[in-house]
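Below you'll find the structure, written out as structure tokens, and then a few comments.
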Amino acid sequence: MTEILTCSNIHRTFTRSEKRKLEIIKGVSLSIEKGKISIIVGKSGVGKSTLLHILGGLDNPDEGTVLIDGVDIHKLDDDKLSDFRNKEIGFVFQFHHLLPEFTALENINIPQMIAGKSIEDSSKRSLELLEIVDLVDRKDHKPSELSGGEQQRVAIARALANNPKIIFADEPTGNLDSTNSAIVHELILDLKEKFDLTFLIVTHNKGLIELGDRVLEMRDGIVV
Ligand SMILES: Nc1ncnc2c1ncn2[C@@H]1O[C@H](COP(=O)(O)OP(=O)(O)O)[C@@H](O)[C@H]1O
Ligand SMILES: [Mg+2]
């Protein structure tokens, strides 16, 4: 068993004022295995998104460490962390966050070009990814010219652009109808099985929970 991510004793408090401090994450420790789908469930407002952001380097913990493939990500300076996120971490959110003025192909090119690849090499990889998510015929469409399910599949392709070590997904089908959700769920399973990809997914969708190799529950600031 190979662990791709290990976090220990993560704490996060949001301070609204001196008197109103809210400790949301109260000492979370967990390990995520390579090539598996790990699911986090839990009531709304319990801190799932906050935890995912901390594990993915989008937010800092007040205490605790996150190791991804042996790298203590919160010890990196801002530039190195941005670079690490770009190359080693994929993120899929509930809303696609594609850039509206760019086509599907260009949206998948962007993280690759930020990583220093040429437009030719980036486009080649983006086309391969569009093939995998079954959207080659939509490559020149802008996000507004794609359905919700298609937008989310492009967002998944973009998350995979630089071959990340782990993909974080926060309610990836929370905004989709059941037909499109099922397509995205099948895609996630396919990606795990064909490419040995590692997913950490926050969801309350039963169909997606069923794909989990492991289901963790967040409750009262800890993961049980
Ligand atoms: N930046 C922030 N400032 C203050 N409070 C926050 C912030 N982000 C989240 N919270 C609060 O932390 C709690 C957990 O939020 P979140 O992680 O989004 O929960 P979940 O994803 O499980 O629904 C909520 O009560 C939310 O209002
Ligand atoms: Mg959330």
> Which number in (1) in a helix (DSSP H, G or I); (2) in contact with a helix residue (DSSP H, G or I) (Cβ under 9 Å, 6 or more places away or on another chain); (3) touching a residue at least 24 places away in the same chain (Cβ under 8 Å) marks the one condition that Pro172 misses?
Replying inline: (1)
>> Considering only residues that are over 17 Å from Phe91 (Cβ atoms), touching a residue at least 60 places away in the same chain (Cβ under 8 Å) and within 16 Å of ligand 1 (Cβ to nearest atom), which ones fall in the stretch 191-208?
In response: His204
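Just give me the residues in the stretch 202-224 being in a helix (DSSP H, G or I), closer than 20 Å to Ile166 by Cα and not charged (D, E, K, R), in sequence order.
Residues of the stretch 202-224 that are in a helix (DSSP H, G or I), as a first pass: 206-210.
Filter once more, keeping what is closer than 20 Å to Ile166 by Cα: 208-210.
If the condition is that a residue be in a helix (DSSP H, G or I), closer than 20 Å to Ile166 by Cα and not charged (D, E, K, R), then Leu208, Ile209 are the ones that fit.
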> With Ser122, Ser49, Ser44 as the choices, which residue is polar (S, T, N, Q) and loosely packed, with under 15 Cβ neighbours inside 10 Å?
Replying inline: Ser44
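Working only within the stretch 21-56, note down all residues that are hydroxyl-bearing (Ser, Thr, Tyr) and within 11 Å of ligand 2 (Cβ to nearest atom). Can you show your working first?
Going residue by residue through the stretch 21-56, those that are hydroxyl-bearing (Ser, Thr, Tyr) are 29, 31, 38, 44, 49-50.
The answer is Ser44, Ser49, Thr50.
Take residues that are farther than 20 Å from Ala157 by Cβ and away from ligand 1 (no atom under 16 Å from the Cβ) and tell me which of the strands (runs of 3 or more DSSP E) falling wholly in the stretch 27-127 contain 3 or more. Steps first, answer last, please.
On the way: elements: 37-41, 63-68, 89-92.
The qualifying strands (runs of 3 or more DSSP E) are 63-68.
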>> Looking only at residues that are among the charged types (D, E, K, R) and surrounded by 15 or more Cβ atoms within 10 Å (Cβ to Cβ) in the stretch 166-218, which one is farthest from Lys43 (Cα to Cα)?
In response: Lys192
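Taking the conditions exactly as written (of a type outside the set (A, V, I, L, M, F, W, C), under 15 Å from the mean Cα position of the chain (by Cα) and on the phi > 0 side of the Ramachandran plot), does Gly57 satisfy them or not?
Working: of a type outside the set (A, V, I, L, M, F, W, C): yes; under 15 Å from the mean Cα position of the chain (by Cα): yes; on the phi > 0 side of the Ramachandran plot: yes.
Yes: the conditions hold for Gly57.
Values quoted throughout were computed directly from the atomic coordinates according to the rules given, and no laboratory measurement underlies them. Quantities reported herein were computed from a predicted structural model and do not represent experimental measurements. Because the Cβ atoms are built from the backbone with ideal geometry, glycine has one as well, and the counts that use them run over all protein chains shown.
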